[in-house]
Amino acid sequence: MFEPDPFAGRTAVVTGAAGGIGAALAAELGARGMSVVLADIDEVGVRRTAAELREGGVRALGVGVDVSDPESVAALAAASYAEFGSVELLCNNAGVLLFGSVVDSSIGDWRWLSSVNVEGMLNCLNAFLPQMMQAGGWRHVMNTASTHAFLPDTANSALYSATKHAVVGITLGLRGELAAEGIGVTLLCPGQAATRILDSQRNRPDSFGRRAGEPFGTGVIPLAIEPREVARAAVDGILRGDPLVFALPEFTRETFRGQVEDMWRLADDALGDRAESACPVGD
(Lines give C-alpha, C1' and ligand atoms only; values in the text may rest on other atoms or scores of the structure.)
Protein backbone atom coordinates (compact mmCIF):
# COMPACT_ATOMS: atom_id res chain seq x y z
CA MET A 1 0.00 0.00 0.00
CA PHE A 2 1.32 3.45 -0.90
CA GLU A 3 2.36 5.56 2.10
CA PRO A 4 2.26 9.33 1.50
CA ASP A 5 5.46 11.27 2.15
CA PRO A 6 4.92 13.18 5.43
CA PHE A 7 7.49 15.80 4.45
CA ALA A 8 6.15 16.94 1.08
CA GLY A 9 4.22 20.21 1.24
CA ARG A 10 4.70 20.66 4.98
CA THR A 11 6.80 23.10 7.03
CA ALA A 12 9.74 22.55 9.36
CA VAL A 13 11.32 24.96 11.83
CA VAL A 14 15.00 24.32 12.58
CA THR A 15 16.88 26.25 15.26
CA GLY A 16 20.64 26.65 15.23
CA ALA A 17 20.41 26.64 11.43
CA ALA A 18 23.00 29.19 10.31
CA GLY A 19 25.52 26.38 9.90
CA GLY A 20 26.52 22.92 11.05
CA ILE A 21 23.88 20.30 11.78
CA GLY A 22 21.02 22.80 11.69
CA ALA A 23 21.87 24.05 8.20
CA ALA A 24 22.30 20.45 7.03
CA LEU A 25 18.92 19.50 8.51
CA ALA A 26 17.25 22.39 6.72
CA ALA A 27 18.88 21.40 3.44
CA GLU A 28 17.89 17.74 3.82
CA LEU A 29 14.31 18.57 4.73
CA GLY A 30 14.06 21.09 1.91
CA ALA A 31 15.35 18.49 -0.55
CA ARG A 32 12.54 16.20 0.61
CA GLY A 33 9.86 18.75 -0.21
CA MET A 34 9.41 20.74 2.99
CA SER A 35 9.26 24.49 3.39
CA VAL A 36 11.86 25.39 5.99
CA VAL A 37 12.18 28.16 8.57
CA LEU A 38 15.83 28.52 9.59
CA ALA A 39 16.42 30.21 12.95
CA ASP A 40 19.69 31.26 14.56
CA ILE A 41 21.16 33.96 16.79
CA ASP A 42 23.51 34.66 13.87
CA GLU A 43 20.96 36.61 11.83
CA VAL A 44 23.34 37.43 8.97
CA GLY A 45 24.47 33.82 8.68
CA VAL A 46 21.00 32.29 8.87
CA ARG A 47 19.58 34.65 6.27
CA ARG A 48 22.48 33.80 3.97
CA THR A 49 21.91 30.06 4.45
CA ALA A 50 18.19 30.46 3.75
CA ALA A 51 18.98 32.43 0.60
CA GLU A 52 21.23 29.63 -0.62
CA LEU A 53 18.41 27.14 -0.14
CA ARG A 54 16.00 29.37 -2.04
CA GLU A 55 18.47 29.51 -4.92
CA GLY A 56 18.18 25.72 -5.01
CA GLY A 57 14.39 25.86 -5.21
CA VAL A 58 13.53 25.36 -1.53
CA ARG A 59 10.92 27.55 0.11
CA ALA A 60 13.02 28.89 2.97
CA LEU A 61 12.84 31.74 5.47
CA GLY A 62 15.78 32.85 7.62
CA VAL A 63 14.98 34.43 10.99
CA GLY A 64 17.32 35.85 13.60
CA VAL A 65 16.30 34.52 17.02
CA ASP A 66 17.74 34.13 20.50
CA VAL A 67 16.19 30.88 21.71
CA SER A 68 16.97 31.81 25.33
CA ASP A 69 14.55 34.76 25.02
CA PRO A 70 10.85 33.74 25.09
CA GLU A 71 9.79 36.92 23.28
CA SER A 72 12.28 36.30 20.49
CA VAL A 73 11.00 32.74 20.09
CA ALA A 74 7.37 33.96 20.10
CA ALA A 75 8.31 36.28 17.23
CA LEU A 76 9.85 33.30 15.41
CA ALA A 77 6.62 31.34 15.74
CA ALA A 78 4.58 34.30 14.48
CA ALA A 79 6.88 34.74 11.48
CA SER A 80 6.75 31.00 10.68
CA TYR A 81 2.96 30.83 10.64
CA ALA A 82 2.66 34.14 8.78
CA GLU A 83 4.98 32.93 6.03
CA PHE A 84 3.87 29.31 5.60
CA GLY A 85 0.56 28.95 7.48
CA SER A 86 1.50 25.85 9.48
CA VAL A 87 4.36 24.06 11.22
CA GLU A 88 4.42 20.26 11.21
CA LEU A 89 8.02 19.61 12.26
CA LEU A 90 9.92 21.38 15.04
CA CYS A 91 13.65 20.66 15.27
CA ASN A 92 15.08 22.02 18.52
CA ASN A 93 18.68 21.90 17.41
CA ALA A 94 20.29 25.08 18.81
CA GLY A 95 23.03 24.28 21.31
CA VAL A 96 26.29 25.56 22.77
CA LEU A 97 29.32 23.93 24.36
CA LEU A 98 32.13 24.91 26.67
CA PHE A 99 34.70 22.96 28.63
CA GLY A 100 35.87 23.32 32.21
CA SER A 101 35.83 21.51 35.53
CA VAL A 102 32.84 22.03 37.77
CA VAL A 103 34.90 23.78 40.44
CA ASP A 104 36.51 26.18 37.95
CA SER A 105 33.35 26.96 36.01
CA SER A 106 31.36 30.05 36.90
CA ILE A 107 27.64 30.23 37.56
CA GLY A 108 27.56 32.36 34.43
CA ASP A 109 28.95 29.41 32.45
CA TRP A 110 26.15 27.19 33.70
CA ARG A 111 23.46 29.79 33.15
CA TRP A 112 24.57 30.38 29.57
CA LEU A 113 24.70 26.67 28.73
CA SER A 114 21.33 25.94 30.30
CA SER A 115 19.68 29.08 28.86
CA VAL A 116 20.39 27.84 25.33
CA ASN A 117 20.47 24.05 25.58
CA VAL A 118 17.55 23.58 27.99
CA GLU A 119 15.51 26.77 28.27
CA GLY A 120 15.91 27.43 24.55
CA MET A 121 14.28 24.09 23.80
CA LEU A 122 11.49 24.76 26.31
CA ASN A 123 10.85 28.22 24.87
CA CYS A 124 10.41 26.69 21.42
CA LEU A 125 8.13 23.95 22.71
CA ASN A 126 5.98 26.51 24.51
CA ALA A 127 5.79 28.74 21.44
CA PHE A 128 5.00 26.08 18.83
CA LEU A 129 3.31 23.11 20.49
CA PRO A 130 -0.07 24.71 21.32
CA GLN A 131 -0.74 25.38 17.62
CA MET A 132 0.77 22.07 16.53
CA MET A 133 -1.50 20.23 18.95
CA GLN A 134 -4.57 21.91 17.51
CA ALA A 135 -3.70 20.81 14.00
CA GLY A 136 -4.33 17.39 12.55
CA GLY A 137 -2.29 15.10 10.38
CA TRP A 138 1.38 14.26 10.63
CA ARG A 139 3.36 16.27 13.19
CA HIS A 140 6.72 15.66 14.82
CA VAL A 141 9.24 17.15 17.28
CA MET A 142 12.96 16.40 17.26
CA ASN A 143 15.21 17.50 20.14
CA THR A 144 18.99 17.43 19.74
CA ALA A 145 20.87 16.05 22.74
CA SER A 146 24.33 14.47 22.47
CA THR A 147 26.20 11.26 23.08
CA HIS A 148 27.47 13.15 26.15
CA ALA A 149 24.11 12.35 27.70
CA PHE A 150 25.01 8.65 27.75
CA LEU A 151 28.77 8.21 27.45
CA PRO A 152 30.97 8.42 30.58
CA ASP A 153 32.41 11.93 30.64
CA THR A 154 35.86 12.71 32.00
CA ALA A 155 36.75 15.50 29.57
CA ASN A 156 35.81 18.60 31.60
CA SER A 157 32.38 18.94 30.07
CA ALA A 158 30.18 17.98 33.02
CA LEU A 159 28.04 21.12 32.79
CA TYR A 160 27.42 20.60 29.08
CA SER A 161 26.61 16.94 29.70
CA ALA A 162 24.16 17.93 32.44
CA THR A 163 22.22 20.10 30.01
CA LYS A 164 22.06 17.23 27.55
CA HIS A 165 20.84 14.89 30.32
CA ALA A 166 18.05 17.42 30.82
CA VAL A 167 17.20 17.33 27.11
CA VAL A 168 16.90 13.53 27.34
CA GLY A 169 14.65 13.72 30.41
CA ILE A 170 12.35 16.33 28.89
CA THR A 171 12.18 14.44 25.60
CA LEU A 172 11.21 11.20 27.34
CA GLY A 173 8.36 12.96 29.11
CA LEU A 174 7.33 14.76 25.96
CA ARG A 175 7.20 11.54 23.97
CA GLY A 176 4.68 10.10 26.38
CA GLU A 177 2.64 13.30 26.59
CA LEU A 178 2.37 13.88 22.86
CA ALA A 179 1.61 10.28 21.88
CA ALA A 180 -2.05 10.86 22.74
CA GLU A 181 -2.03 13.91 20.46
CA GLY A 182 -0.65 11.92 17.54
CA ILE A 183 2.63 13.86 17.55
CA GLY A 184 5.86 11.91 17.23
CA VAL A 185 8.99 12.76 19.20
CA THR A 186 12.58 11.83 18.32
CA LEU A 187 15.79 12.34 20.30
CA LEU A 188 18.84 13.05 18.15
CA CYS A 189 22.22 12.24 19.73
CA PRO A 190 25.17 13.23 17.54
CA GLY A 191 28.72 12.36 18.43
CA GLN A 192 31.66 14.50 17.34
CA ALA A 193 30.40 16.45 14.34
CA ALA A 194 32.34 18.75 12.01
CA THR A 195 30.70 21.99 13.16
CA ARG A 196 31.77 25.23 14.86
CA ILE A 197 30.51 24.11 18.27
CA LEU A 198 34.00 24.54 19.78
CA ASP A 199 33.57 28.23 18.96
CA SER A 200 30.18 28.50 20.65
CA GLN A 201 31.30 31.42 22.79
CA ARG A 202 31.46 33.68 19.73
CA ASN A 203 27.75 34.26 20.44
CA ARG A 204 27.95 34.32 24.25
CA PRO A 205 26.29 37.46 25.67
CA ASP A 206 28.36 39.61 28.03
CA SER A 207 25.59 39.29 30.65
CA PHE A 208 26.85 35.78 31.48
CA GLY A 209 30.26 37.04 32.57
CA ARG A 210 33.75 36.29 31.43
CA ARG A 211 34.37 33.73 28.72
CA ALA A 212 35.55 30.30 29.77
CA GLY A 213 38.86 28.93 28.54
CA GLU A 214 38.87 27.02 25.27
CA PRO A 215 41.44 24.24 25.81
CA PHE A 216 40.77 22.56 22.46
CA GLY A 217 40.75 25.73 20.39
CA THR A 218 37.87 27.01 18.27
CA GLY A 219 38.33 24.99 15.09
CA VAL A 220 36.41 22.06 13.66
CA ILE A 221 36.64 18.82 15.66
CA PRO A 222 39.01 16.32 13.96
CA LEU A 223 37.88 12.83 12.91
CA ALA A 224 34.29 14.03 13.07
CA ILE A 225 31.14 13.03 11.23
CA GLU A 226 29.95 15.47 8.57
CA PRO A 227 26.77 17.45 9.38
CA ARG A 228 25.05 16.19 6.23
CA GLU A 229 25.49 12.61 7.48
CA VAL A 230 23.93 13.54 10.82
CA ALA A 231 21.06 15.27 9.02
CA ARG A 232 20.42 12.31 6.76
CA ALA A 233 20.32 9.91 9.73
CA ALA A 234 18.06 12.28 11.68
CA VAL A 235 15.57 12.78 8.87
CA ASP A 236 15.42 9.07 8.10
CA GLY A 237 14.78 8.47 11.81
CA ILE A 238 11.99 11.04 11.87
CA LEU A 239 10.43 9.42 8.81
CA ARG A 240 10.43 6.05 10.59
CA GLY A 241 9.18 7.55 13.86
CA ASP A 242 12.28 6.40 15.75
CA PRO A 243 12.45 7.45 19.40
CA LEU A 244 16.23 7.75 19.21
CA VAL A 245 18.82 8.45 16.52
CA PHE A 246 22.55 8.19 17.15
CA ALA A 247 24.93 9.71 14.60
CA LEU A 248 28.55 8.86 15.34
CA PRO A 249 31.79 9.13 13.39
CA GLU A 250 33.41 5.86 12.41
CA PHE A 251 36.36 6.66 14.67
CA THR A 252 34.12 6.74 17.75
CA ARG A 253 32.23 3.59 16.80
CA GLU A 254 35.41 1.60 16.31
CA THR A 255 37.75 3.07 18.94
CA PHE A 256 35.21 3.26 21.75
CA ARG A 257 33.06 0.27 20.79
CA GLY A 258 32.59 -0.92 24.37
CA GLN A 259 31.58 2.52 25.64
CA VAL A 260 29.20 3.00 22.71
CA GLU A 261 27.56 -0.37 23.38
CA ASP A 262 27.15 0.68 27.03
CA MET A 263 25.70 3.98 25.86
CA TRP A 264 23.18 2.16 23.70
CA ARG A 265 22.08 -0.07 26.57
CA LEU A 266 21.59 2.98 28.80
CA ALA A 267 19.60 4.73 26.10
CA ASP A 268 17.53 1.63 25.42
CA ASP A 269 16.71 1.28 29.12
CA ALA A 270 15.74 4.95 29.30
CA LEU A 271 13.58 4.96 26.19
CA GLY A 272 12.15 1.50 26.58
CA ASP A 273 11.59 1.26 22.83
CA ARG A 274 14.12 1.34 20.00
CA ALA A 275 11.54 1.24 17.20
CA GLU A 276 13.60 0.86 14.02
CA SER A 277 16.82 2.41 15.40
CA ALA A 278 19.99 0.36 15.09
CA CYS A 279 22.84 0.07 17.54
CA PRO A 280 25.42 2.62 16.35
CA VAL A 281 28.33 0.19 16.54
CA GLY A 282 26.70 -2.16 14.08
CA ASP A 283 26.79 -5.93 14.17
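The values are calculated or read from the model by the stated rules, or taken from the named source; none is laboratory data. Since this is a predicted model, take the numbers as computed values, not measurements. Virtual Cβ from ideal backbone geometry, glycine too; neighbours counted across all protein chains shown. We work out accessible area using only protein heavy atoms, side chains counted, and drop any ligands, DNA or RNA first. Shrake-Rupley method; radii C 1.70, N 1.55, O 1.52, S 1.80 Å.
With every protein chain in place, what's the accessible area of Glu28 (1.4 Å probe, Å², nearest 10)?
Estimated to the nearest 10 Å², Glu28 gives 40 Å².
Separation between the Ala78 and Arg111 pseudo-spin-labels, each 7 Å from Cα along Cα→Cβ, expressed in nm?
So the two model labels end up 2.7 nm from each other.
Using a cut-off of 15 Å between beta-carbons, work out the net charge of the residues near Pro130 (Lys and Arg +1, Asp and Glu -1, Pro130 not included).
Neighbour charge sum, excluding Pro130 itself: -2.
Check Arg10: other-chain or 5+ apart residues with amide H under 5 Å from its amide H, H built from backbone geometry?
When sequence neighbours closer than 5 places are left aside, the close amide H contacts are Ser35.
Dipole size in debye (nearest 20) for region 28-128 around its Cα centre, Lys and Arg Cβ +1, Asp and Glu Cβ -1? Can you show the working numbers first?
Values: 6 positive and 14 negative charges, 61 e Å.
Charge dipole of region 28-128: 300 debye, to the nearest 20.
Mind checking the full-extension length gain between Arg54 and Asp5? Use 0.36 nm per residue of separation minus the Cα-Cα distance, one decimal, nm.
15.5 nm
Excluding ligands and nucleic acids, what accessible area in Å² is computed for Leu129 using a 1.4 Å probe, to the nearest 10?
Here the residue's solvent-accessible area equals roughly 20 Å².
May I ask you to derive the FRET efficiency for Val103 and Ser207 from their Cβ-Cβ distance with R0 = 25 Å, giving the value to the nearest 0.05?
0.65
Got a number for the accessible area of Ser114? Probe 1.4 Å, square angstrom, nearest 10.
10
Between Ala179 and Gln134, what length comes free when the chain is fully extended (0.36 nm per residue of separation minus the Cα-Cα distance, one decimal in nm)?
14.8 nm
With a Cα-only, solvent-free Debye model of region 1-89, what are the log10 I(q)/I(0) values at q = 0.14, 0.20 Å⁻¹?
-0.43, -0.83
Normalise the Cα radius of gyration of region 20-145 by 2.2 N^0.38 Å (N = residues in it) and let me know the number.
1.11
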